[in-house]
Amino acid sequence: MAVYHRILLKLSGEALKSGSDLFDFEKVNEVASIVRRMHDMGVEVGIVIGAGNIWRGRQGPAANMDAVTADQMGMLGTVINCLCVADALRKAGLDAIVQSAVDMNRFAEPFNAMAARRHLSEGRVVLFACGTGNPFFSTDSGVALRAIEMEVDAVLMAKNIDGVYTADPMKDPTATLIKDITYTDALARGLKVMDASAFALCAENKVPMVRVFGLDDPENLLRVLEGSDIGTFVHP
Ligand code: UDP
């Protein structure tokens, strides 16, 4: 039995990739079949996808570019990822709709909050592309916005790390996993779960909860839906 009625799933771009390949299709198909199981449990599922497997607006060669152009490239990367995952969802037997914050009518529906809510309540999976549609944001801010607009019960942040740590565990061996933290504490401590604007939106609008966990085992998605306390619980 699922403990949530409507959720927003955030998939980082990195979580879709393997080695130097942009997509690990085994992983993409596995995630799609799990979203199918979520849907069959009666859960309404919205999805925001990043673009870290393709391009990030402030990293590597992007740092030498005009920031607006670099971010536009990042947003386009999210469209590629949404089209890819939507295809896998359809193959898994779901009705999947891509809505884009930047109008791209031939590829995706323009984002429309009321239409998206309707799609969700009629059992379609909605993939939200282009984050907020603006440069100088990340897809985490897109997650916060869509979570508020879709009135979700929970945000599931599936990452390539198993939760929020006191410091970067790759750099600091003494870093420990935080099980439970408020948005304002996470913001004050500068923890890298979401960017500051995303935290501020979640705190101000009392997004009921964000659970951060690892997608190394995609079954974790179902564990979270069943109420497991894996990863980190972030809340108002
Ligand atoms: N991006 C943007 N505005 C948004 C969302 C994303 O400009 O509202 C761009 C930005 O350049 C970012 C890239 O898209 O680096 C990919 O998003 P993100 O870094 O959040 O991807 P993730 O790390 O989740 O894979």
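Computed from the coordinates by the stated procedures, all read-outs in this text should not be read as laboratory data. Since the structure is predicted, the reported quantities are computational estimates derived from the model, not experimental observations. A quick note on method: Cβ atoms are made from the backbone with ideal geometry, for glycine too, and the neighbour counts reach across all protein chains shown.
Annotation note: Cβ proximity below 6 Å between a residue of the range 50-78 that is free of Cβ contacts under 8 Å to residues at least 60 places away in the same chain and a residue that is within 6 Å of the ligand (Cβ to nearest atom) and of a type in the set (S, T, N, Q) (sequence gap 6+ or interchain) occurs for 52/12. Residues that are more than 18 Å from residue 51 (Cβ to Cβ) and surrounded by fewer than 22 Cβ atoms within 10 Å (Cβ to Cβ) within the range 78-102 comprise 90, 91, 92, 93, 94, 95, 97, listed in sequence order.
Residue by residue through the range 125-184, note down the ones that are among the β-branched types (Val, Ile, Thr), within 16 Å of the ligand (Cβ to nearest atom) and either in a loop (DSSP other than H, G, I, E, B) or more than 12 Å from the chain's Cα centre (by Cα) (or both).
Initial filter on the range 125-184 (among the β-branched types (Val, Ile, Thr)): 125-126, 132, 139, 143, 148, 152, 155, 161, 164, 166, 174, 176, 178, 181-182, 184.
Checking which are within 16 Å of the ligand (Cβ to nearest atom) leaves us with 132, 139, 143, 148, 155, 161, 164.
Residues satisfying the conditions are 132, 148, 161, 164.
Of the numbered criteria (1) closer than 20 Å to residue 99 by Cα; (2) acidic (Asp, Glu); (3) more than 11 Å from the ligand (Cβ to nearest atom), the one residue 71 fails is (3).
One residue is enough: does the range 30-43 have a residue meeting the conditions within 16 Å of the ligand (Cβ to nearest atom), surrounded by 14 or more Cβ atoms within 10 Å (Cβ to Cβ) and over 19 Å from residue 136 (Cα atoms)? Yes, there is a match, as at least one residue in the range 30-43 is within 16 Å of the ligand (Cβ to nearest atom), surrounded by 14 or more Cβ atoms within 10 Å (Cβ to Cβ) and over 19 Å from residue 136 (Cα atoms).
Looking at 30, 14, just one residue is of a type in the set (D, E, K, R), in contact with a strand residue (DSSP E or B) (Cβ under 9 Å, 6 or more places away or on another chain), touching a residue at least 24 places away in the same chain (Cβ under 8 Å) and over 21 Å from residue 120 (Cα atoms), and that residue is 14.
Hey, could you check the range 2-19 for residues that are part of a loop (DSSP other than H, G, I, E, B) and within 16 Å of the ligand (Cβ to nearest atom) and say which is farthest from residue 91 (Cα to Cα)?
We begin by selecting, within the range 2-19, every residue part of a loop (DSSP other than H, G, I, E, B); these are 2-5, 12, 17, 19.
Next, only the ones that are within 16 Å of the ligand (Cβ to nearest atom) stay: 12, 17.
On the way: 12: 21, 17: 19 Å.
So the residue we want is 12.
Somewhere in the range 81-95, is a residue more than 24 Å from residue 223 (Cα to Cα), assigned to a loop (DSSP other than H, G, I, E, B), out of contact with any strand residue (DSSP E or B) (no Cβ under 6 Å at 6 or more places or on another chain) and within 16 Å of the ligand (Cβ to nearest atom)? Taking every residue of the range 81-95 in turn, none turns out to be more than 24 Å from residue 223 (Cα to Cα), assigned to a loop (DSSP other than H, G, I, E, B), out of contact with any strand residue (DSSP E or B) (no Cβ under 6 Å at 6 or more places or on another chain) and within 16 Å of the ligand (Cβ to nearest atom).
Of all residues being assigned to a helix (DSSP H, G or I) and more than 20 Å from residue 84 (Cα to Cα) in the range 112-124, which is farthest from the ligand (Cβ to nearest atom)? Just the residue, please. Give the steps one after another, and end with the answer.
So in the range 112-124, the residues assigned to a helix (DSSP H, G or I) come out as 113-121.
This time we only want the ones that are more than 20 Å from residue 84 (Cα to Cα), so: 113-115, 117-118, 121.
Details: 113: 16, 114: 21, 115: 20, 117: 20, 118: 23, 121: 25 Å.
Once the filter is applied, the top-ranked residue is 121.
If you take the residues of the range 49-67 that are part of a loop (DSSP other than H, G, I, E, B) and over 24 Å from the mean Cα position of the chain (by Cα), which of them is farthest from the ligand (Cβ to nearest atom)? Residue satisfying both the conditions and the ranking: 66.
Restricting to the range 20-29, count the residues that are part of a loop (DSSP other than H, G, I, E, B) and either under 18 Å from residue 142 (Cβ atoms) or out of contact with any Ser or Thr (no Cβ under 8 Å at 6 or more places or on another chain) (or both). Let's see the steps before the verdict.
Restricting attention to the range 20-29, the residues satisfying the condition of being part of a loop (DSSP other than H, G, I, E, B) are 20, 22-24.
Still in the list and also either under 18 Å from residue 142 (Cβ atoms) or out of contact with any Ser or Thr (no Cβ under 8 Å at 6 or more places or on another chain) (or both): 20, 22-23.
Residues meeting the conditions: 3.
Restricting the range 95-139 to residues that are of a type in the set (S, T, N, Q) and out of contact with any His (no Cβ under 9 Å at 6 or more places or on another chain), the residue that is farthest from residue 33 (Cα to Cα) is 134.
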